[in-house]
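The values are calculated or read from the model by the stated rules, or taken from the named source; none is laboratory data. These numbers were taken from a predicted model, which means no experiment stands behind them. Using ideal geometry, Cβ is built from the backbone for each residue, glycine included, and neighbour counts are taken over all protein chains shown.
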Amino acid sequence: MKQILLIFALLFAAAASTDPVFRHADGSVTIDTSTLRTRDGYNGPTSLLIYLDSDERISKIEVLPNDESPAYWQMVEEKLSTAWNGVPADQVRTFRVDAVSGATFSSYAFISNVRAGIACYLDSKQQ
């Protein structure tokens, strides 16, 4: 019986962790785009962690492991991960960010992930 309860607890925990939006007690939010369907980079998915502060502004973007070419991905990460800092969540959809020359697929994937993550967050607020 204990084993069955443990299995159910683990299944419940796994199901709960698939929600990409995690709200922290201090009002900040973390969004994991790895479960969202977004545009792939040149070599596949390019998932991100997007952090919002309690005022719903992007405070930080971290890249998760991916298969992009390291040299190109580094250029994208250096330019785009800080370009969004301070942008309010409700303005991300219209916020203009240029792709990194020479790393267009990776750039568009990064931008798509940010927009998809924020859209998921905004949708979750409506529910």
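Here are some notes:
Residue-by-condition table, conditions (1) buried (at least 18 other Cβ atoms within 10 Å of the Cβ); (2) under 10 Å from Asn113 (Cβ atoms); (3) among the charged types (D, E, K, R); (4) at pLDDT below 95:
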site: Phe8; (1), (2), (3), (4): no, no, no, yes
site: Ser17; (1), (2), (3), (4): no, no, no, yes
site: Thr35; (1), (2), (3), (4): no, no, no, yes
site: Arg39; (1), (2), (3), (4): no, yes, yes, yes
site: Pro45; (1), (2), (3), (4): yes, yes, no, yes
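- Just one of (1) at positive phi; (2) in contact with a strand residue (DSSP E or B) (Cβ under 8 Å, 6 or more places away or on another chain); (3) surrounded by fewer than 14 Cβ atoms within 10 Å (Cβ to Cβ) fails for Glu56. It is (3).
- Cβ separations smaller than 9 Å between residues 6+ apart or across chains give no pair from the range 89-102 residues that are touching a residue at least 40 places away in the same chain (Cβ under 8 Å) and under 28 Å from Asp55 (Cβ atoms) to residues that are among the acidic types (Asp, Glu) and surrounded by 11 or more Cβ atoms within 10 Å (Cβ to Cβ).
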